[in-house]
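Structure, as structure tokens:
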Amino acid sequence: MRRFSLSLEQRRGIKGYAFISPFLIGFVMFFLYPFIHSVILSFHTVDIQRESGYGLIWEGLENYRYMFRVDPDYNRHLVASIQNMFLNVPIILIFSFFAATLLNQKFRGRTLARAILFLPVIISSGVVMRFQDDPNALRSLLEAGLSVDPSTGAQTGLRSFELSLLLNQMLPPEMTPYVSYITGAVDRIYDLVNASGVQILVFLAALQSIPPSMFEASYIEGATGWENFWKITFPMISSWFLVNTVYSIVDTFTAYSNPMMIKLQRVGLEQQQYGRASAMAWVYFAIIMLLMGIILKLMSKRVFYYE
Amino acid sequence: MRIRLRAKKVNRSVWGNIAVFTMLALTAAFMGLPLLFVISNAFKPLNEFYLYPPRFFPQNWTLTNFKNLFIQLSNSWVPITRYLFNTVFITIVGTTAHVFFASLAAYALAKHNFPGKKIIFTSIVMSLMFTSNTLGIAQYIILSKLGLIDSQFSIIALNIGAALGLFLMKQFMEGVPDSLLESARMDGASELRVFWQIAMPSVKPATLTLIILQVQGLWYNTGSSFLYSEQLKTLPVALSQIMQGGIAFGGMGAAAMLIIISVPILVFVINQANVVRTFTTSGIKE
């Protein structure tokens, strides 16, 4: 009997394991295990001792009760984070798709334009971010700078205040919520544009992997640029909307500026309540997972896959 | 390709061009502002640094900030080149290791079938969403058991299994046509060779994108809780110490910042200039 011989598919499967294992070892050691470890922590109080490392004191559901019932900020931050996600992610997606389409055109100085659009991602991380906390620094200046005339110090820029007045006068009152959505976006434009850099890059890479022969064929058939965009470009990269949605959701939820992240940082690192912070993070995580699952389920039905 | 370009020129009107250009110029101006501010600050003399309202352009351009920075750095206990080496080492080794292993894993996940594949991928995607601060304790314990605390390999090891790269690469690997890989296998290429010579070149835009993201992440890495020895610390740590020196060090801080952000920007520009269309579907008839 051929007891020890494997089918071709199985042999390839073994190679698959071999290929995946270096990454997987790193992943299991530094992400999966810590991930499970934090579940255990969330049911305990972590007691840090100088000599023996740390000890765990069993608390049951106390940490979970605490965050919903006692903690003054948790529920508020949770709701705010979810609201922000729903407000920001669509705008980020639309903007980054738009920017990527423009940057994919051939024109002189394209690389420069791409670099400039990616700048916020480079600037807004690491050291520079810390520098931005400075009262005289970049960010406050930028936010003010857009509306403050440097020579006179007078407010000159078009802030959303004027914009919303303008739009509200023009439109019927039942449109007000939509108006405030748009004007809110104008107010947060610095953050939104900041959050779009990676998505633009992903869309760009995706746009570049559309086979050019498709466009060629459609141009020969006499299609216009507009038709090409909606009938080739858009369906071909629709699956990348999924990827970018995942990325944007993760990014808005776990950004350092997110109030929930600041809260977790404070509870965990400054107050050294690791157990409590783990419990908070886990509830937060579970909610993100749930939302993400629902959103992806809804989106993946409309996505077109080219075979 | 050539046909398409010619057709495009006929189709797109001058006004279309102007509209696209204006749009891009406006957004670019908006995003370029902070950089402009960093540059101008680096060249401002100290007495103009804290002027209110702030000015975008210095009245007297000066190189004093850079000079002071170098004097300050050459007097420090650990020479600046040591910090620079640490950061460059972490960035290069970390990026290479992550890009290689993540692509390898992504290739296997996208193009091979084996039991447990789905669970592995799902758990990797899930880990994207988990916040890093609560993973800290366990990561530290594991690293210390491996004896990697206070070693640059702690940063590199942590980085190998990061989920984002795999997620990105897997999505792109899915798009590589199976028939292309199959034909290479039929010609006798080993699986590793198929990966390296067929699959990797086909996803070049994605690889370059991932490199940008990695360099960007590692270049700014401070190794905060894993590196203790002064001679192992990274450039951002050295520079932020200068910036914390107070008001008098503001100009130096700006000069330091200009130097440090110029590297990721450079990497980005070089990479993006090299992104070319990949013709994975060329030569395939189905």
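The numbers here are math on the coordinates, done by the rules we state, and not lab data. Nothing here was measured: the structure is a model prediction, and the numbers come from that model. Every residue, glycine as well, gets a Cβ built from its backbone with ideal geometry; the counts of neighbours run over all protein chains shown.
Could you work out the Rg to Rh ratio of the stretch B:93-247, with Rh taken as the Kirkwood radius (inverse of the mean 1/r over all Cα pairs)?
1.06
If I model a spin label at A:R11 and B:F57 as a point 7 Å from the Cα along the Cα→Cβ vector, what separation in nanometres do I get?
For the pair A:R11/B:F57, the computed spacing is 7.0 nm.
Exactly which GluC sites (Glu not before Pro) in the stretch A:1-98 are in a DSSP loop and have at most 12 other Cβ atoms within 10 Å?
Within the stretch A:1-98, the qualifying GluC sites (Glu not before Pro) (loop, at most 12 other Cβ atoms within 10 Å) are A:E51.
Show me the trypsin sites (Lys or Arg not before Pro) within the stretch A:1-101 that DSSP assigns to loop and that have at most 16 other Cβ atoms within 10 Å of their Cβ.
Hits after loop and neighbour filter: A:R2, A:R3, A:R50.
Report the net charge of residues surrounding B:N271, where surrounding means a beta-carbon distance below 13 angstrom and charges are Lys +1, Arg +1, Asp -1, Glu -1.
Once positives and negatives cancel, what remains is +2.
Which lysines does B:K233 reach when only Cα atoms under 25 Å apart count, and residues fewer than 8 places away in its own chain are ignored?
Filter leaves B:K67, B:K145.
Between B:F100 and A:R65, how many nm apart are label points set 7 Å from Cα along the C-beta direction?
For the pair B:F100/A:R65, the computed spacing is 5.3 nm.
Give me the Å³ per residue figure for the convex hull around the C-alpha atoms of the stretch A:203-307.
123 Å³
List the lysines whose Cα sits under 26 Å from the Cα of A:K231, skipping any in the same chain fewer than 8 residues away.
The reachable lysines, counting only those whose Cα sits under 26 Å from A:K231, are A:K106, A:K297, A:K301, B:K8, B:K9, B:K170, B:K204, B:K285.
With a Förster radius of 56 Å, plug the Cβ-Cβ distance of A:I40 and A:F229 into 1/(1 + (r/R0)^6) and report the FRET value to the nearest 0.05.
About 0.65, to the nearest 0.05.
At a Förster distance of 51 Å, what's the computed FRET efficiency of A:F98 paired with B:M186, Cβ-Cβ distance as r, to 0.05?
0.75
Within the stretch B:146-166, which residues have the backbone N less than 19 Å from the label spot 7 Å out from B:S229 along Cα→beta-carbon, could you tell me?
Answer for the stretch B:146-166: B:146-158.
According to the Cα gyration tensor, what semi-axes, each the square root of 5 times an eigenvalue, does the equivalent ellipsoid of the stretch B:99-172 have, listed from largest to smallest in whole Å?
Semi-axes (√(5λ), whole Å): 25, 14, 11.
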